[in-house]
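Visitor: Let me give you the structure first, and then I'll get to my questions.
Throughout, read-outs are computed from the coordinates displayed, never taken from laboratory work. Every value quoted in this text rests on a predicted model; they were computed, and no experiment measured them. Here the Cβ positions follow ideal geometry from the backbone for every residue, glycine too, while neighbour counts run over all protein chains shown.
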Amino acid sequence: MPIQQANWDASKMREKLHRDIEAHASAVRGEKLSELQAEFEKRLSGALSEPLESLFEAGGPDTWVSVRSLLKRESDAAASDFFSAVAGFELDQETVDKMLHDLKEYARKLVERKSREEAGKVLIRMKDRFSTVFNHDKDSMPRVWTGKEDIRAITKVARCESLKLLSTMAAVRLDDRPDTVENVLFSTLMDRTDTISSQSRDVGVSGDPLASSTWEEVPPEKTLITPVQCKALWRQFKAETEYTVTQAISAQEAYKRGNNWLPPPWAIMAMIVLGFNEFMLLLRNPLYLLVLFVTYLLGKAIWVQTDIPGLFQNGILAGLIALSTRFFPAVVNILSRLAAEGHNREALPSQQPTSQSFRNQTWQPESVSSSVPDSSVSTETGSEYSSPQIMKRRVSHKEKRKSRDHGDAE
């Protein structure tokens, strides 16, 4: 109930209460909007980080096209969901537009920050790309160095792929503006046969195009790797991949040596021309051919038994030391085997008559019976043995004797 005698003005209190309510509502709304914005920023970070890392690792010619497409897709999706989420806060359109712009700008800065992180790993990625292209064929199968491959051409292709990766990571290209980064890198680092004047006409600079801290048509804030840094990285990259190329050349030469023991054609022709007199001497004296043939067989046996190629795999000195310890035992072993073979061949004829007589006794009983006397044959154990034919002859002799005695009696 109002007091009529009091002259109080409640409008100020109402205004103060209204301001307090508005301030509290604004604070709560701001807190909720901050939480909502942080949630969507976290969502954008999760949606962009791994795909960006994968795209920068691949480092293809369409890397930045894919990055721009990914950024636009995720930013639009997040902005649409964010707009629906803030519809209940009764914000004015200007505030909503500003928050949507801030969200998209956050996604853009996230891409730039991720690009700078990946640019710091560009040397490792370049070496991985070189190793992949150099050691695998077009079907992604491991390459075997058989001597038919053009190592120079393969090295150039692998370096070109690595240089493309370097040019991709040299600058941020979210605005789809053309630049000359790749042309400058290839004309300076790969095309060594070009002159400085031709480089100047193509690139538009005088002197060394990489002697600079900025790229043409690229703002400094968009530069990830400066031209000077690119030159230093390329020099380090070549130094660290030179060993791989040297290993491939050594493997190719080792394969050629292992599969081709013949001298080159010109050496064969020289031996034929210079050795004509010796060849005629061999034709006039065939005994030399026999000596050479025996020497070849002996050398071949020593070669196989001592495993000379395996001995020299660890170096010439180690191979000579190992050969000196194995050569004499190998020769002695071969000679002893030859002597044993000769002894076995001498013992073979002495055993042959015995086996022949055994076969005669087994398969020709008539001849044996004709040579054996009428008396029984004694074995080594002392037992007697009489063949059926001998018994038959004895019976016939007895019958003849009886008939003769009977005739005399008559």
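Visitor: Using the alpha-carbon centroid of each, what span in Å lies between the stretch 268-337 and the stretch 35-51?
Guide: For the stretch 268-337 versus the stretch 35-51, the Cα centre distance is 77 Å.
Visitor: Sticking with this structure for a sec: Determine, for each peptide in 228-238, 300-310, the mean count of other beta carbons within 10 angstrom over its residues, then list the peptides with the highest first.
Guide: My ranking of the peptides, most packed first, is 228-238, 300-310.
Visitor: Let me ask you something else. Rank-order 104-110, 249-255 by packing density, defined as the average count of other C-beta atoms within 10 Å over each peptide's residues, highest first. Please report the intermediate quantities before stating the final value.
Guide: Working: 104-110: 16.3, 249-255: 14.0.
Most protected by this proxy first, the peptides run 104-110, 249-255.
Visitor: Under 26 Å Cα to Cα from LYS42, which lysines show up? Leave out anything in the same chain fewer than 8 places away.
Guide: Hits, sequence-local ones excluded: LYS32, LYS72, LYS98, LYS104, LYS109, LYS114, LYS121, LYS222.
Visitor: Let me ask something else about it. Of the peptides 46-53, 92-99, how do they stack up when ordered by the mean number of other Cβ atoms within 10 Å, highest first?
Guide: With the highest mean Cβ count within 10 Å placed first, the list reads 46-53, 92-99.
Visitor: Under a Cβ-only charge scheme (Lys and Arg +1, Asp and Glu -1), can you give me the dipole magnitude of the stretch 269-345 about the Cα centre, in debye to the nearest 20? Show your work: numbers first, answer last.
Guide: Working: 5 positive and 3 negative charges, 30 e Å.
For this selection, approximately 140 debye.
Visitor: So who's got an amide H within less than 5 Å of the one on HIS136, skipping anything under 5 residues away but keeping other chains? H placed 1.01 Å off N, in plane.
Guide: Result for HIS136 returns ARG143.
Visitor: Something else now. Once phi is turned into ³J(HN,Hα) by the Karplus curve 6.51 cos²θ - 1.76 cosθ + 1.60 with θ = phi - 60°, what whole-Hz value does each residue of the stretch 52-64 show in order, with x for glycine and proline?
Guide: 5, 4, 5, 5, 5, 5, 5, x, x, x, 9, 4, 6
Visitor: Using θ = phi - 60° and the Karplus form 6.51 cos²θ - 1.76 cosθ + 1.60, what ³J(HN,Hα) does each residue of the stretch 210-224 get, whole Hz, x for Gly and Pro?
Guide: 8, 7, 8, 9, 9, 9, 5, 6, 10, x, x, 6, 9, 7, 9
Visitor: To the nearest 20 debye, what is the magnitude of the charge dipole of the stretch 19-119 about its Cα centre, counting +1 on the Cβ of each Lys and Arg and -1 on the Cβ of each Asp and Glu?
Guide: 200 debye
Visitor: Amide H of ALA171 versus every other amide H placed in the peptide plane: which residues, excluding those fewer than 5 positions away on the same chain, fall under 5 Å?
Guide: LEU224, ILE225
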